[in-house]
1. What area, in nm² and to one decimal, does the C-alpha convex hull of the stretch 1-110 cast on average over all directions?
2. Once amide H atoms are built 1.01 Å from N in the peptide plane, which residues 5 or more positions from Val74, or in another chain, come under 5 Å H to H?
3. Going by average Cβ density within 10 Å per residue, which order do the peptides 199-212, 27-40 take, highest to lowest?
4. For the stretch 1-116, give the percent of accessible area contributed by carbon and sulfur heavy atoms, probe 1.4 Å, rounded to a whole number.
5. Per residue, how much accessible surface does the stretch 1-150 expose to a 1.4 Å probe? Answer in Å², no decimals.
6. Quickly estimate the mean residue ellipticity at 222 nm for the chain, helices only: each DSSP H run with n ≥ 4 gives -39500 (n - 2.57), and the total goes over all residues, rounded to 500.
7. log10 I(q)/I(0), Debye, Cα-only the chain, no solvent, q = 0.13, 0.14, 0.15 Å⁻¹?
8. Give me the accessible area of Val271, 1.4 Å probe, in Å² rounded to the nearest 10.
Amino acid sequence: MSDKLYQKLIDGWLGELRLNFALRDGRSVLTKCKHVGPFYVKRSFYSKNDNTPHVYLLHPPGGLVGGDKLILDVKLESDSRALLTTPGATKFYRSNSVYVTQKYTFRLERNTALEWIPQGSIFFPQSKAKIDTTFILEQGSRIISFDMLCFGNVSLGTANFPEDVDVCLNIFLSDSIGLRERLRINKLNCVMKLGGFRISALLFAIPSDEKILNEVRNLITSDNHHQVGGATLLDDILVVRLLSNDNQCLKQTLCRIWCVIRPFIMGQKAVLPRIWFT
């Protein structure tokens with residue numbers, strides 16, 4: 001092994017991806033794609049009767065270890081739209097005492113529409129991660145986003161929790177206070193903070209109203225056999241929180257909510273990304 005490669009393994013890998021979307025001839029297209037390291041996209045996919053590009057974020061290593069960094073910067077120019085997802089869950093493996101850093105920033109100009117629906121994150125025992133996700137929305141922007149965080153592996157037993165996971169979410173709006181929150185989970189407080197559950201999910205959607213809120217609450221109430229959760233409205237931000245130990249059940253609930261609210265917020269029916277079925 002060369003000294004350069006050995007030092008790279010010690011320091012961790014950097015993956016950086018910058019994407020820009022714009023409206024061209026009535027269709028939203030990916031106009032800029034710049035990447036560093038093993039973090040990139042190949043092409044945009046379009047479904048029938050929907051001009052929203054589906055873009056899959058690819059990270060070939062398949063997992064992250066201490067010292068690795070993932071940086072994502074996404075910009076939607078005025079009147080454009082995009083759906084971003086991942087082929088599978090992001091896996092955070094055992095750390096060498098150094099944190100994995102993940103920093104994602106989404107900038108939505110006026111009258112844009114973004115759907116950010118990754119397939120979740122799995123934090124394996126003794127992993128350490130700092131995750132910062134920021135959304136900056138200008139007037140008239142719309143967004144639906146949901147994600148799942150799985151802390152430890154249920155099949156490994158109750159003592160196998162991540163060492164330390166620090167998750168920050170920032171939503172900045174042009175005409176209201178927005179939302180800022182932080183969830184910090186470690187092997188000492190995981191059971192207490194999550195009420196005995198291993199998987200936490202968060203969905204938010206902008207703009208929302210009482211009608212959308214009631215639709216989502218009814219759905220959650222009718223689908224609570226393997227999970228607990230609730231929904232609330234903060235100004236025009238719909239916030240849904242769910243806890244479970246069944247990741248498939250939780251994902252199905254999130255997708256049902258997405259299918260219910262997308263026509264109200266995006267004006268079109270939901271189309272599941274093809275990558276989810278491969």
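1. In nm², the orientation-averaged hull projection of the stretch 1-110 is 8.0.
2. Leu19, Thr105, Phe106, Arg107
3. 199-212, 27-40
4. In the stretch 1-116, the share of accessible area belonging to carbon and sulfur is 50 percent.
5. Values: 6930 Å² over 150 residues.
For the stretch 1-150, the solvent-accessible area averages 46 Å² per residue.
6. Working: 4 runs with 45 residues, N = 278.
That calculation yields -5000 deg cm²/dmol at 222 nm.
7. Treating every Cα as an identical point scatterer, log10 I(q)/I(0) equals -0.90, -1.04, -1.20.
8. Taking all protein chains as shown, Val271 has close to 50 Å².
The values are calculated or read from the model by the stated rules, or taken from the named source; none is laboratory data. Small disclaimer: the values here were computed from a predicted structure and weren't measured. FYI the Cβ positions are ideal-geometry reconstructions off the backbone, even for glycines, and counts take in every protein chain you see. Quick note on the areas: whole protein, heavy atoms, side chains included, nothing else; ligands and nucleic acids left out. Shrake-Rupley method; radii C 1.70, N 1.55, O 1.52, S 1.80 Å.
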